[in-house]
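The values are calculated or read from the model by the stated rules, or taken from the named source; none is laboratory data. This is a predicted model, so every value here is computed, not measured. Virtual Cβ from ideal backbone geometry, glycine too; neighbours counted across all protein chains shown.
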Amino acid sequence: MADPGNSHPTVLIVGGGFGGLRAARALAAAPVRVVLVDRQNHHLFQPLLYQVASATLSPADIAAPIRHVLRSQGNAEVVLAEVASVDLAARRVHLREGAPLPYDFLILAAGSRSSYFGRDAWAGLAPGLKTLEDALEMRRRFLLTFEMAEQEEDPEVRRAWLTFVIVGGGPTGVELAGTLKEMARLSLPREFRRIRTDRARVILVEAGPRILANFGSGLSEKALQGLERIGVEVRLGQPITAIDPHAVELGGERIPTRTVLWAAGVSAVPLGAALGVPLDRLGRVIVEPDLSLAGHPEVFVVGDLAAFAHGPEGPLPGVAPVAIQQGAAAAANILATLAGRPRRTFRYRDRGSMATLGRGRAVAHLGRLRVTGYPAWLAWLFIHLMLLVDFRSRVFVFFEWLWAYLTTQPRARLILGKRGNP
């Protein structure tokens, strides 16, 4: 820890994701002491997490140690710890282990977790995708199913092993479905002798009327056509009603499967509820126009933990660009307060959305532009490479993508952890 006698005000940041890390960097030249607390030692590039789950990339390709990222920022330090609660009156953050951390300003950027809409028992049967551990578990289950199918004698059971159900038609579910189907269709056929991996069923289930609902009806329809073209089965308007170790049920139909992957929704982490302040229906903290907490102007909440509904676009989605812009805005308002200037109302600048549909296919909404196919895929590659925080990651990810595109053989197909029945 830094010298307790440091006369500079302390800005405590909880969470080393997009919002927290952006806030810390924005304060690099400020006369403040920055303390960033996270229970993980790494910053995770979540938009590419599905590529770890689908064995395209390795964990180190999309994660960077927070201490390494902030190594040149002299006013910043990192604490590896889990936050238990916040004492707003005393201006202290209590940790699961260790002494409380005092603050003059607090930025809460603790993120979100997978939501099962009250069916928490499904979590063990259908893993979500929020952490590297989640991605490795998805990868383990996906690859193990082919191994189990290769050894299975019963044709019906074998078909169940080769049926994959992905719940949720947002960007994560769409990208995961396309990538898994293309791996089964292009990468694995020559590696197994008793099964046809190209006949594996990938079923994408969306409770709403269309996938990628925030992209507009035109791009949504293009995405649907792109997925169906590579063999993904898309079920719309059919919410999952039951999941057990051998099947899922939706719309009165029971689909035998041993692998269900969850990409249907998120909710805020419990830290928000522990504050004792108003929350929205997703458990997010309702914030003021300047991103501060009502009654506590020294506390800011950003990213997936914040419910911001002061702009014309309504509640903002839990995506990386929102977190990045809010992290920068919170830091700017802290500096304004220290300088005696009025704070600014946060204004989100939506620069677009994009999602891949498999090899060489994507849809993109970039301002007024609607781009599909190969050009959208190239734009997706470039933008995601530039958003990676570590230069080494950009180089490694580029060559992994180039290799996978030229050979259709991703190199990260290692089964880690338990080797038994998934």
Subject >> Residues of the range 354-372 that turn out to be touching a residue at least 40 places away in the same chain (Cβ under 8 Å) and surrounded by fewer than 21 Cβ atoms within 10 Å (Cβ to Cβ), as a count >> reply: 4
Original post:
When both residues are 6+ apart or on different chains and their Cβ atoms are under 8 Å apart, which pairs have a first residue that lies in the range 393-406 and is under 11 Å from residue 381 (Cα atoms), and a second that is among the β-branched types (Val, Ile, Thr)?
Top reply: 397/62; 401/56
Subject >> Selected residue (criterion: surrounded by the fewest Cβ atoms within 10 Å (Cβ to Cβ)) from residues of the range 285-301 that are small (Gly, Ala, Ser) and outside any strand (DSSP E or B) >> reply: 295
Original post:
Given the structure, is residue 67 farther than 25 Å from residue 383 by Cβ, of a type in the set (Lys, Arg) and in a helix (DSSP H, G or I)?
Top reply: yes
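Residue-by-condition table, conditions (1) of a type in the set (Ser, Thr, Tyr); (2) touching a Leu at 6+ places or on another chain (Cβ under 6 Å); (3) at pLDDT below 95:
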{"site": "109", "(1), (2), (3)": "no, no, no"}
{"site": "141", "(1), (2), (3)": "no, no, yes"}
{"site": "187", "(1), (2), (3)": "yes, no, yes"}
{"site": "202", "(1), (2), (3)": "no, yes, no"}
**OP:** Return yes when residue 28 is touching a Lys or Arg at 6+ places or on another chain (Cβ under 6 Å) and either at pLDDT below 95 or surrounded by fewer than 22 Cβ atoms within 10 Å (Cβ to Cβ) (or both) and no when it is not.
**Re:** no
Original post:
So how many residues does the range 194-215 have that are surrounded by 22 or more Cβ atoms within 10 Å (Cβ to Cβ) and assigned to a strand (DSSP E or B)?
Top reply: 4
Original post:
Within the bounds of the range 87-105, is there any residue that is in a strand (DSSP E or B), buried (at least 22 other Cβ atoms within 10 Å of the Cβ) and among the aromatic types (Phe, Trp, Tyr)?
Top reply: yes
Subject >> Residue within the range 281-300 that is more than 21 Å from the chain's Cα centre (by Cα) and hydroxyl-bearing (Ser, Thr, Tyr) present >> reply: yes
Subject >> Complete set of residues in the range 226-237 that are loosely packed, with under 14 Cβ neighbours inside 10 Å and out of contact with any Pro (no Cβ under 6 Å at 6 or more places or on another chain) >> reply: 228, 229
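Results for (1) surrounded by 22 or more Cβ atoms within 10 Å (Cβ to Cβ); (2) at pLDDT below 95; (3) of a type in the set (S, T, N, Q); (4) closer than 25 Å to residue 260 by Cα, shown as yes or no for each residue.
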{"residue": "42", "(1), (2), (3), (4)": "no, no, no, no"}
{"residue": "54", "(1), (2), (3), (4)": "yes, yes, yes, yes"}
{"residue": "62", "(1), (2), (3), (4)": "yes, yes, no, yes"}
{"residue": "66", "(1), (2), (3), (4)": "yes, no, no, no"}
{"residue": "70", "(1), (2), (3), (4)": "no, no, no, no"}
{"residue": "76", "(1), (2), (3), (4)": "yes, no, no, no"}
{"residue": "79", "(1), (2), (3), (4)": "no, no, no, no"}
{"residue": "82", "(1), (2), (3), (4)": "no, no, no, no"}
Subject >> Number of the exception - residue 218 against (1) at pLDDT 95 or above; (2) not in a loop (DSSP other than H, G, I, E, B) >> reply: (1)
Original post:
Across the range 221-261, which residue is farthest from residue 149 (Cα to Cα) among those that are assigned to a helix (DSSP H, G or I) and among the small types (Gly, Ala, Ser)?
Top reply: 223
**OP:** Output the residue which, of all residues in the range 366-406 that are within 22 Å of residue 324 (Cβ to Cβ) and small (Gly, Ala, Ser), is farthest from the chain's Cα centre (by Cα).
**Re:** 367
**OP:** Only residues in the range 138-163 that are free of Cβ contacts under 8 Å to residues at least 60 places away in the same chain and more than 16 Å from residue 182 (Cα to Cα) count as the first member; pair them with residues that are assigned to a helix (DSSP H, G or I) and of a type in the set (Lys, Arg), Cβ under 9 angstrom, at least 6 apart or cross-chain, and list the lot.
**Re:** 149/158; 149/159; 150/158; 152/158
**OP:** Restrict the check to the range 171-183 and report whether at least one residue is touching a residue at least 24 places away in the same chain (Cβ under 8 Å), of a type in the set (D, E, K, R) and in a loop (DSSP other than H, G, I, E, B).
**Re:** no
